[in-house]
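Okay, so here's the structure we're looking at.
Each reported figure results from applying straightforward, stated rules to the coordinates on display, with no laboratory input. Predicted, not measured: the structure shown is a model, and the values here were computed from it. Virtual Cβ from ideal backbone geometry, glycine too; neighbours counted across all protein chains shown.
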Amino acid sequence: MAEQATTPAAPAKGKTYFWGTGRRKTAVARVRICPGNGKFEIDGHEVKKHFFSEGPQKDCIAPLKATNTLGKWDVFVNVNGGGQTGQSGAILMGLSRALLKADPSLEQVLRDGKFMTRDARKVERKKPGQPGARKRFQFSKR
């Protein structure tokens, strides 16, 4: 029997949402926040169910801790592509952008924490005539 994918809670009427999009490597995160009691969902799951290791879990909530707003916002995230590092970095960026739209006075705190800077590093493509991006095949003189 096929499992049905759970979707994040539908927007409640009368609530004000702030959106932010974050990207890192090949991951894209669409983050939606609204005033609430601190609920944090990633693709309909809790943070601890989505990320099993502690590092990405901390990365996701880092902007909330830095701005002292940890229990004040409900956060809903849709994330696609990438792995744990890329997804957590994309969520961090998207959440920071959403917080900035919600409260522009947080800009300096977010910039000081380096949450507003896009990490442009991506995997370098493989080149023809080589086994990888930079590695060369073994050279034999004779």
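Taking 8 Å as the Cα distance limit and 6 or more residues as the minimum spacing, I'd like the relative contact order of the chain as a percentage.
Over the chain, the number comes to 30 percent.
What FRET efficiency, computed as 1/(1 + (r/R0)^6) with R0 = 41 Å and r the Cβ-Cβ distance, is obtained for Gln84 and Ser140, rounded to the nearest 0.05?
Using R0 = 41 Å, I get an efficiency of 0.50.
Once you place label points 7 Å from the Cα toward the Cβ at Thr16 and Lys127, how far apart are they in nm?
That separation, rounded to one decimal, is 5.3 nm.
Out of all DSSP beta bridges with both ends in the chain, state the antiparallel percent to the nearest 5.
Of all bridge pairs located within the chain, approximately 85 percent are antiparallel.
For the chain, with equal point scatterers placed on the C-alpha atoms only and solvent neglected, what are the log10 I(q)/I(0) values from the Debye formula at q = 0.15 1/Å, to two decimals?
Log10 I(q)/I(0), no solvent term: -0.74.
Quick check: pseudo-label points 7 Å beyond the Cα along Cα→Cβ at Lys49 and Met116, how many nm apart are they?
For Lys49 paired with Met116, the spin-label model returns 3.5 nm.
Could you work out the local net charge near Met116, counting Lys and Arg as +1, Asp and Glu as -1, over the other residues with Cβ closer than 9 Å to its Cβ?
In short, +3.
Counting chymotrypsin sites (Phe, Trp or Tyr not before Pro) as exposed when in a DSSP loop with at most 12 other beta carbons within 10 Å, what is the longest stretch of the chain free of them?
The longest uninterrupted stretch comes out as 53-136.
Which value results when the Cα radius of gyration for segment 58-122 is divided by 2.2 N^0.38 Å?
1.07
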